[in-house]
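Enquirer: Input: one structure, supplied below.
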Amino acid sequence: MAPRAYWKGSLKLSLVTCPIALFPASTQAERTHFHQINTQSGHRLRQQMVDEQTGRVVDPEHKGRGYELSKGKYVAIEDEELEALRLESTHTIDIDDFVPAEEIDERYLDKPYYIIPNGKTGVDAFVVIRDAMKRKDKVALARVVLANREHVIALKPLGKGLLGTTLRYPYELRNEDDYFDGIPSPRVSKDMIELASHILDKKASKFDPHKFKDKYEAALKALVKRKAAGKTIEVPEEKEAESNVINLMDALKQSLSGKKARPAPVKAKKRTSARRSRKRKAA
């Protein structure tokens, strides 16, 4: 059974228009999900909306939206007022610009969608737009209204269809300077950089997402299966953290040769200090 389209409308390039449908390209349906339950009865729990001042449960009909002006002070926003602001959905993805793909900062990429022709009419126009973008190696920037908000969406050819990725607005990104300014700039030797470059060459490969294994998800599924079968789960003992103090040049050389870098003998000092403390106690 084919999935339901998330959005239906038209793709428009100047005077060329074709009907299309959008489908979410990502899903979390296969991810393990848990519900909150009563551990005594095994029944599922349901949450209730509670007034934080009175502690009383609020009826759904009295539930509304409010914007916090100051601590504890809200201005109520009615559904009708939001309705008045709602953008009129023209159900048209109107292409504004074409830009080189490499110019799009990856931080702006948000949610991906598959875009296909909706019906047989307009397939020719869809293919013309898709193949023209392939020939010029360009990404189209357009506007679309999804969930009552206008989004900028980047369109690029993908196989026989198009991949549409909504983009974040600049105000949704944090400034990298707030995080990177504190990084020191030590002087490292050219030999170290050369060694690191050789390691990069040695590990060079092609991007293959099928190599990605979600170990935590696999462990969750195994845990649920064992618990459902009535087996006991043994919590493994925490391993003692190894020292992370190593000589950078040695680490680079040993990484290149495929050997594991040996940490500096920091633990020996701890044992010596431990022996001293025991002698003091004995004294």
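Every number in this text was worked out from the coordinates using simple rules, so none of it is lab data. Computed from a predicted structure; not experimentally measured. Note that each Cβ is placed from the backbone with ideal geometry, even for glycine, and that neighbours are counted across all protein chains shown.
Enquirer: Under 5 Å between amide hydrogens, which residues at least 5 positions from Leu162 or on another chain qualify, with H placed 1.01 Å from N in the peptide plane?
Expert: Ile115
Enquirer: What is the sum of charges around Leu162, taking Lys and Arg as +1, Asp and Glu as -1, for the other residues whose C-beta is under 10 Å from the C-beta of Leu162?
Expert: +3
Enquirer: Further question on the same structure: Using θ = phi - 60° and the Karplus curve 6.51 cos²θ - 1.76 cosθ + 1.60, what whole-Hz ³J(HN,Hα) does each residue of segment 232-238 get, with Gly and Pro shown as x?
Expert: Whole-Hz 3J(HN,Hα) from phi for segment 232-238: 7, 10, 9, 7, x, 5, 5.
Enquirer: On a full-extension model of 0.36 nm per residue, what is the gain between Val16 and Met192, subtracting their alpha-carbon distance, rounded to one decimal in nm?
Expert: Here the segment from Val16 to Met192 would lengthen by 57.8 nm.
Enquirer: Given a 10 angstrom Cα cut-off, can you work out which residue in Asn38, Asn118, Asn175 is the most mobile in a GNM of the chain?
Expert: Ranking Asn38, Asn118, Asn175 by mean-square fluctuation puts Asn38 first.
Enquirer: Computed from the mean reciprocal separation of all distinct C-alpha pairs, what Kirkwood hydrodynamic radius does segment 72-119 have, in Å?
Expert: By the Kirkwood definition, the hydrodynamic radius is 15.8 Å.
Enquirer: Also: For segment 147-236, run through the chymotrypsin sites (Phe, Trp or Tyr not before Pro) and keep only the ones in DSSP coil with at most 12 other Cβ atoms within 10 Å of their Cβ.
Expert: Phe207, Phe212
Enquirer: Right, here's the next one. When we measure straight from the Cα of Lys227, which aspartates and glutamates land under 18 angstrom away, once same-chain ones fewer than 8 places off are left out?
Expert: Cα-Cα hits under 18 Å: Glu217.
Enquirer: I would also like to ask the following. Could you tell me which of the pairs Lys160/Lys215; Lys203/Lys225; Lys8/Lys206; Lys136/Lys160 are separated by over 26 angstrom between their Cα atoms in the structure shown?
Expert: Violating the 26 Å limit, Cα to Cα: Lys160/Lys215; Lys203/Lys225; Lys8/Lys206.
Enquirer: What's the long-distance tail for the chain, i.e. % of Cα pairs beyond 23 Å?
Expert: 78 percent
Enquirer: Given the Cα-Cα distance of Glu80 and Leu158 and 0.36 nm per residue of separation, how much length would full extension add, in nm? Don't jump to the answer; show the numbers that get you there.
Expert: Values: separation 78, 0.36 × 78 = 28.08 nm, distance 4.05 nm.
Value of the extension gain: 24.0 nm.
Enquirer: Loop only by DSSP, 14 or fewer other Cβ within 10 Å of the Cβ. Give me the GluC sites (Glu not before Pro) in segment 101-199 that pass, ordered by residue number.
Expert: Glu176
Enquirer: Oh, and also: For every helix of n ≥ 4 consecutive DSSP H residues, a contribution of -39,500 (n - 2.57) applies; sum these over the chain, divide by its total residues, and give [θ] at 222 nm rounded to the nearest 500 deg cm²/dmol.
Expert: For the chain, the value works out to -8500 deg cm²/dmol.
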